[in-house]
Amino acid sequence: MSGLQLLLLLLFITNISSAQDLKGTIKDKHSGDFLIGVSIKVASRSIYSDGYGKFIVSGIKLGDTITFSSIGYRAVNYIVDNSNLDHLVIYMEQATILLDEVKINPLRNYRADSLKFREEFAKTFNYSKPKFKDIFITKNYSSNVPRHPNQANNSTASLISVDVLSVISLLGKKRNPQSKL
């Protein structure tokens, strides 16, 4: 049994020692510019290239497949071999995206929409400053709104309620409709 354990330990140590670091740079195939933020995926791990297109992937074994992908570029798969582990240069080619034609057809009745919007926004656009009676909030004592436990029904604890924004607009200096929107 100890011989089997020794063999497993030896295989584990050689497996760890075979892991290497892969260093490299990612460039555009046509312009030669460094590509920033390229996603580099190895198995379940994922890293990104830095501001100069450089990357370092640790724990790489021979035969691992590395996928380089970025928006607007075709993905590149690289299989790790013994050559060029210190400075690998990956060239990525731009992918062209063809879009279908978009047609815009006016199928709406703009006159009906305009009339509908006029009715909907009439209160806003036909602004008139509030009157003195508009600053008071009417109370509905027959509503089923829960009251504070200390306040009885039809209590005179609050005789009147005032809408503060209406008071400000009543006393405000600007009278034009644009300032009230």
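The values are calculated or read from the model by the stated rules, or taken from the named source; none is laboratory data. Note that the coordinates shown come from a computational prediction; the quantities given were computed from them, not determined experimentally. Positions of Cβ are backbone-derived with ideal geometry, glycine not excepted, and every protein chain shown enters the neighbour counts. Side chains are part of the model used for accessible areas, which takes the heavy atoms of the whole protein and leaves out ligands, DNA and RNA. Shrake-Rupley method; radii C 1.70, N 1.55, O 1.52, S 1.80 Å.
Based on the alpha-carbon set only, what is the convex hull volume of the range 53-128 divided per residue, in Å³?
232
Would you list which aspartates and glutamates come within 15 Å of Lys61, measuring only between C-alpha atoms, while excluding same-chain residues fewer than 8 positions from it?
Asp21, Asp81, Asp86
Which whole-Hz ³J(HN,Hα) couplings does the range 46-57 yield from phi under the Karplus relation 6.51 cos²θ - 1.76 cosθ + 1.60, θ = phi - 60°, glycine and proline marked x?
8, 10, 10, 6, 7, x, 10, x, 8, 8, 9, 10
What is the packing order of peptides 51-57, 35-41, 112-118, taking the mean over residues of other C-beta atoms within 10 Å and listing the highest first?
35-41, 51-57, 112-118
Considering only protein heavy atoms, with the full assembly of protein chains and a 1.4 angstrom probe, order Leu98, Leu85, Leu171 by accessible area, largest first.
From most exposed to least exposed: Leu98, Leu171, Leu85.
Summing +1 for each Lys or Arg and -1 for each Asp or Glu, what net charge is found among the other residues whose Cβ lies under 15 Å from the Cβ of Thr65?
Result for the neighbourhood of Thr65: +1.
Enumerate the calculated ³J(HN,Hα) couplings along the range 34-45 in order (Karplus 6.51 cos²θ - 1.76 cosθ + 1.60, θ = phi - 60°), each rounded to whole Hz, writing x wherever the residue is Gly or Pro.
My calculation for the range 34-45 gives 5, 9, 9, x, 6, 7, 10, 10, 10, 6, 9, 8 Hz in order.
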